[in-house]
Amino acid sequence: MSWGKTIWKLAGSGQEGTSDLPPEKRPTSRQRRWKGRHTYPVEGLNVQDPNSALVTIFGLGAYSIQKSLTLALLSSVMNQPTYNQLRTVEQNGYLVFSGASVHIQEGVLGFYIAVQSPWNEPANMSLSVDSLVQHQLHDAVMNLKDDDFDKERSAMIAAKMAPFEELSEETSFYWGEIGLRRYSFDHPREDVARLQKLAKSAVQELFSKYIGISPVSARTQLSIWMYPANRSDAAMPPAGTTLPETAGKTITSTESFVKDHPEFWPPLFPWKATTGLPVNPQAKAPPPL
C-alpha cells in the first residue's frame, strides 16, 4: 500500500496496478490512549552491548498550539537541571536526554527523559527520575524567577523569528507542513504572538498537572526498562516477576498493552471523507517569497 493508493495484483495473470483508496482507508499515524503508570521491561538484543537504558514518557494529553508552546518553554526550563542531576551529580549514565515529545498529526503531547548506562540498572534509574521530578524539577519550575523566565521566553521567540539560513532548511519547513497536512506556513510568527502573552503561571500549572502530580501513581507515565543481555548485575527479571510498586502496572507484552488500550487519540488533521483533502480550517497560503 502506498500513500493514498492500494497496489493490486491479479493472481495467475501477471497483471498489476494501483487504484485510489477511499479517504477513510488512507493511512493515518495514530497513538493509543492510556492512563496511569505503566512499565515495559525488555531485554536488549545485542549481546555485546553492556548498556541498560530507561526511557520514560509523561503523557500530557491532547495537542493544542498553546499547550505545545507552553510545553516547549517548560522543557527548556527542565533540561539543564535534568542533565545536571542525573548525569553530573548522580552519574546514572553517560547519556541523559530530555525534551518535549510532540506528535502533531497524532494529536498528543508528552515529555520524555532517557538515560543509558553501562553500570546502572533500570529500576534504580527510574527511582532517580522520580526523585528528580519531586525535588530538582519541582524547585526549578515552581521557584523560577521572573527574570529567568523572561530569558527563556525571549530565547524561544528569537529562535522562531530567525530567518532560514539555507534553502534546504526552508524547503524542509514547507514540506513538513505539507506532510503534517497542517498547511500553517505562517505559524512561527503566530507562535511569537502567543509566546509574548504566555505567563509563567501557565508553565508552572502544566508541570503540576501532568509531570509533578502527586502521588506518582496518578501520573500518566509510560516507561521502558531495557536490560542488557550480558550483565549479571543488571539481568532482566524472570518472566512473572513483580516489579517494584513504583513501576506501576507491568506490561508483559506489546500485544497485551494494545489489547488493554483499544482507543486512539483522534488525528489532528483527518482526511475529509467527501474530497479526500485534509481538514484544517486555519490553513493559510505561504507568505510571499
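The values are calculated or read from the model by the stated rules, or taken from the named source; none is laboratory data. Keep in mind that this is a model prediction, so the values were computed, not measured. Cβ atoms come from the backbone with ideal geometry, glycine included; neighbour counts cover every protein chain shown.
Condition first: among the charged types (D, E, K, R) and either buried (at least 17 other Cβ atoms within 10 Å of the Cβ) or touching a Leu at 6+ places or on another chain (Cβ under 8 Å) (or both). Now tell me which residues in the range 131-168 satisfy that.
Within the range 131-168, Glu152, Arg153, Lys160 meet the criteria.
When you scan the range 215-247, how many residues do you find that are loosely packed, with under 15 Cβ neighbours inside 10 Å, more than 20 Å from Tyr112 (Cβ to Cβ) and touching a Ser or Thr at 6+ places or on another chain (Cβ under 9 Å)?
Total meeting the criteria: 6.
Based on this model, can you work out whether Leu127 counts as among the aliphatic types (A, V, I, L, M), modelled with pLDDT of 95 or more and either over 30 Å from Glu205 (Cα atoms) or out of contact with any Phe, Trp or Tyr (no Cβ under 9 Å at 6 or more places or on another chain) (or both)?
On the way: among the aliphatic types (A, V, I, L, M): yes; modelled with pLDDT of 95 or more: no; either over 30 Å from Glu205 (Cα atoms) or out of contact with any Phe, Trp or Tyr (no Cβ under 9 Å at 6 or more places or on another chain) (or both): yes.
So Leu127 fails the test.
Given the range 25-123, what strands (runs of 3 or more DSSP E) lie entirely inside it while holding 3 or more residues that are of a type in the set (Val, Ile, Thr)?
Qualifying strands (runs of 3 or more DSSP E): 52-62, 108-117.
Would it be correct to say that Leu95 is of a type in the set (A, V, I, L, M, F, W, C) and out of contact with any strand residue (DSSP E or B) (no Cβ under 9 Å at 6 or more places or on another chain)?
no
Just the residues that are under 17 Å from Pro228 (Cα atoms) and at pLDDT 90 or above, please, taken from the range 93-117.
Answer for the range 93-117, where residues must be under 17 Å from Pro228 (Cα atoms) and at pLDDT 90 or above: Leu95, Ala114, Val115, Gln116, Ser117.
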